[in-house]
Structures are given as structure tokens and as C-alpha cells.
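Just below is one structure, and these are the notes that go with it.
The values are calculated or read from the model by the stated rules, or taken from the named source; none is laboratory data. Nothing here was measured: the structure is a model prediction, and the numbers come from that model. With ideal geometry, Cβ positions are generated from the backbone for all residues, glycine too; neighbour counts draw on all protein chains shown. Ligands, DNA and RNA are stripped out before the accessible areas are found, and what is left, the full protein with its side chains, is counted by its heavy atoms. Shrake-Rupley method; radii C 1.70, N 1.55, O 1.52, S 1.80 Å.
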Amino acid sequence: MTVSDILKIAGTVAVVQGICDILARRWVFSSESYERQVRALRRADMLRDKAASSKATNQEKHAKRLAKAEEERAACAADVARRHASPQIFTSILFVLLWKILGAEYSGKVVAVLPFQPFGLLQKLTLRGLEISEELLDLPKTAVADVAGKMVVHVEALTQACSFAFIYMLCSASVKFIVHQLMGHKPPSGAGGGFGDMLGDARVQRSMKSLGFDV
């Protein structure tokens, strides 16, 4: 197992995610426009709660007032969610580019040796992009072979070899997630639904209905 390669991939993922979170905090979440939208959401929450808890003398008027408060609150939540979606989209694009760059660097290279035999579907991912010859299986257990100018660790079975793709996926699900939890800016209460909040906006629903979508 090439520990240095694994640490390099994990470190690169952590650094890129950290930089994305720092830039998002600096250019998006510290802006006056974002803070204004958060304050508007908090006011909308208060008005919605006030409308919901008020005693109704006229049920029809109370229902209209509550529906209007809910609509305004949904619009504010959608505005905040959109501000969080922009950095997420940028980060996703950046990690696709990182996948391409690191994938080219580790193309055909055994990055790790699995301590188990992966099952069929997982095996397609762990062996993705690898070029392993059967002659490697005849080497001593601790041997390292030089194949086509690349240092390749010996594996006891072809299916134990692990490519960059699987390690990158694990880093994205663990290292990237942990760094974002530590350094990322969490959305305010009531606006953590992401695209669900955006789709819940009455303005978006009216636009989708005008285009023929059933929402």
C-alpha cells in the first residue's frame, strides 16, 4: 500500500475543500446582502409564528393572513438557500476538475491494496483504470515491481488492487465532509433545506407552472 499516495490524495481533498469554505465565508456569507437576507428570514419567522399563535376571530381572514406569512417566509428561506447553493455548485465543479487532474496523475497505478475481496459492483470501482498483469502475482509478497516505469505494489489477487477512483470516493465521503463541517458556514435555522427550500418558494412554483410543470 502506497501510504504517501493516499495521504497526498486525502490532503489535497482537505486543502481544496478548506479553501472553498474560506472563500465562501469571505465573499458570500460575510457580505451585507447575505446578512440582510438572514435578518429578513428571522423577521419572517417571527411574523409567521405570530400569525399562527394569534387568536382567530374570523377564520377566513386568519387563514389568509397565515398563508401570506408562510409564503413570505418561504420566499426568504429560498433567498438564503440560493446564497448557499452558489458555493456548493462552485465546489462541485472544482472537485470534478480535481478528479480529472488526480485521475490523470494516478492513471493505471495501484494506490492501495484492499484487505478483502470486494464484491462485483464495488470491484468495478476499485479496479477502475487499473492495468495489472498476472505476472505481478508471481512476485514475493513484499515485492514492488517496476512496470512501464511505474512502481507497482504486489497484490495477492487482482481483485485486491485498489485504484485512485475508490480512494478519492472515500476521501470525498469522509475527509471532505469533516473539513466542511469544521470550516463551512451552516445555514440559519429554517433555511437548511437546500434546493427543497428553493422549490418551496411560491415564485419558483408559479414559474414552473407557467412552463407546464406540475408542482
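Taking a ≥ b ≥ c as the square roots of the Cα gyration tensor eigenvalues, the stretch 1-89 comes out prolate, since a/c reaches at least 1.5 and a/b is larger than b/c. Once the Cα-Cα distance is subtracted from the 0.36 nm per residue extended length, the LYS186 to PHE90 segment shows a gain of 32.9 nm.
Restricting the trypsin sites (Lys or Arg not before Pro) of the stretch 43-95 to loop positions (DSSP other than H, G, I, E, B) with no more than 14 neighbouring Cβ atoms within 10 Å leaves LYS55. What a 1.4 Å probe finds exposed on the stretch 31-123 is 60% carbon and sulfur by accessible area, rounded to a whole percent. Applying the criteria of a DSSP loop state and at most 13 other Cβ atoms within 10 Å to the GluC sites (Glu not before Pro) of the stretch 27-130 yields no site.
Computing FRET efficiency as 1/(1 + (r/R0)^6) for MET169 and ARG43, where r is the C-beta to C-beta distance and R0 is 45 Å, gives about 0.60. Less than 5 angstrom separates the built amide H of CYS162 from those of VAL111, ALA112, LEU114, all sequence-distant by 5 or more or on a different chain. The simple spin-label model puts a point 7 Å past each Cα toward its Cβ; for LEU125 and ARG36 those points are separated by 4.4 nm. Heavy atoms of the protein chains alone define the surface here; on that basis the stretch 1-98 has 62 Å² accessible area per residue at 1.4 Å probe size. Label zone of ARG25 (point 7 Å out along Cα→Cβ, amide N under 20 Å): in the stretch 65-83 this covers 81, 83.
With R₀ set to 22 Å, the beta-carbon distance separating LEU7 from GLU105 gives a calculated FRET efficiency near 0.95.
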